[in-house]
Amino acid sequence: MQLKNCWLLLGLFASGLAQAENYPSRAVQVVTPFPPGGAADVVVRLVTQQLSDLFKVPFVVDNKPGAGGGIGAQFVSHAVPDGYTLLLTSSSTMSINPHLNTKMGFDPLKSLSPIAFIGDSPNVLVVSPSLPFKTSAELIAAAKAKPGFYSFASNGSGTLSHLTGELYKQASGIDALHVPYKGASPAVVDVAGGQVSFLFAAFASVGPMVKAGKLRALGVTSTRRLNISPELPTLAESGLSGFESNQWWGLFAPLELPHEVLARLNLEMNKALKSPDLKKRFAEQGIDVGGGSPADLAAYLQNDYNKWGQIIKTGNIAIN
């Protein structure tokens, strides 16, 4: 009986190795739960290009927006765990929205297999150039003078841009109306057009429009200035002591992904993140390159999930 069990285990191990060696034998679907045009879309297209080159099969982007990333994440969590359906998503979907929406249809800590931490980036506070504000302090002063008059856009209720706006309100003591959108791209367009007063978004989403003069940047939400735009002060420098809010991206798969496939994806993802072209492109978008093991991503997610959960609870924040 013991010998039979031994041969069974060896057979399963060999099968797992063969699966990893043959993976992938066809195109891989990479779901991003946001519409085209935002920071997540920039990241996913850079990453999938690298993975396509490394694996020699197409890694195809599939945008499934809605519910603060919940629709796409739920889709992947219910997919077959064979490595052919992956999720590339952000902190909004994994760390924030689950605290605000009890009907997400997935548990970020239990329904997905972490693969690799891709990178992170601060948000940038931008306003329409039609507004006179040149600094965060000027925006705050105007908003305090007219409570409820100014509004802020977000990538959607429960996204990091939403929560960063709420943190900004708490830290500065202003009252501003939240206007949620389905992704960064439409939010950026309406702020640039003056329909909404301000927005917190990743540099990848707003950098080109800031450079073109269609948006005005007032500051960044990290504790240090961006290398790509060092003239922008941090909000902590601008009078909001300790203010920090960073967007991050990670690659996930359905739960119970075979270990050998998970290890292969992690290995190649780390190779992709070392690509000089990807590092250059990330730097141009104000994104710091990540990397590491699946356990590293799991630990990072847990800490960020706990942080935003406490902030939401303390601020009694609810989605619109």
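Any read-out appearing in this document is the output of simple, stated calculations on the displayed coordinates, not a laboratory observation. Keep in mind that this is a model prediction, so the values were computed, not measured. Methodologically, a virtual Cβ is constructed for each residue, glycine included, from the backbone with ideal geometry; neighbour enumeration extends over all protein chains shown.
What 222 nm value per residue comes from the helices of the chain, counting each DSSP H run with n ≥ 4 as -39,500 (n - 2.57) and dividing by all residues, nearest 500 deg cm²/dmol?
That calculation yields -13500 deg cm²/dmol at 222 nm.
Take the alpha carbon atoms of segment 56-78, find their center, do the same for segment 175-247, and report the distance between the two centers in whole angstrom.
26
Tell me, what ³J(HN,Hα) does each residue in segment 167-178 have, in order and in whole Hz, if you take phi through Karplus 6.51 cos²θ - 1.76 cosθ + 1.60 with θ = phi - 60° and put x for Gly and Pro?
These are the phi-based 3J(HN,Hα) values: 4, 4, 4, 5, 5, 9, x, 9, 10, 9, 7, 8 Hz.
Strictly over 25 Å apart at the Cα level, which of K211/K279; K134/K307; K214/K271; K134/K279; K56/K280 would you flag in this model?
The answer is K134/K307; K214/K271; K134/K279.
Return S161, S113 ranked ascending by Cβ neighbour count within 10 Å, so the fewest neighbours appear first.
Ordered from fewest to most neighbouring Cβ atoms within 10 Å, S161, S113 come out as S113, S161.
Helix 259-273 sits at what angle to the longest principal axis of the chain, using alpha carbons and giving 0 to 90 degrees rounded to 10?
Taking the Cα atoms of the chain, the angle to 259-273 is about 50 degrees.
Can you sort L177, L167 by how many other beta carbons sit within 10 Å, fewest first?
In order of increasing Cβ crowding within 10 Å: L177, L167.
Once both labels are modelled 7 Å past Cα along the beta-carbon direction, what's the L54-A298 spacing in nm?
2.0
Between N316 and K274, what is the label-point separation in nm under the 7 Å Cα-to-beta-carbon projection?
According to this spin-label approximation, the distance is 5.2 nm.
Taking θ = phi - 60°, what integer Hz values does the Karplus form 6.51 cos²θ - 1.76 cosθ + 1.60 yield along segment 86-101, in sequence order, with x for Gly and Pro?
These are the phi-based 3J(HN,Hα) values: 10, 10, 10, 9, 10, 4, 4, 6, 8, 9, 10, 4, x, 6, 9, 10 Hz.
³J(HN,Hα) across segment 124-132 via Karplus (A = 6.51, B = -1.76, C = 1.60, θ = phi - 60°), whole Hz, x for Gly/Pro?
Here the 3J(HN,Hα) series is 10, 7, 10, 10, 5, x, 6, 8, x Hz.
For D62, which sequence-distant residues (separation of 5 or more, or a different chain) have an amide H within less than 5 Å of its own amide H, given hydrogens modelled in the peptide plane?
V30, V31, T32
Whose amide H sits under 5 Å from the amide H of A253, counting only residues 5 or more places off or on another chain, with H placed in the peptide plane?
Sorted by chain and number, the residues that satisfy this are L87, S113, I115.
Mind giving me the FRET efficiency for E237 and V189? R0 is 35 Å, r the Cβ-Cβ distance, nearest 0.05 is fine.
0.75
Test of understanding: what is the full-extension gain from A79 to I228, defined as 0.36 nm times their sequence separation minus their Cα-Cα distance?
Once the chain is fully extended between A79 and I228, it gains 49.8 nm.
Antiparallel versus total DSSP beta bridges in segment 122-220: what percent is that, nearest 5?
Close to 60 percent.
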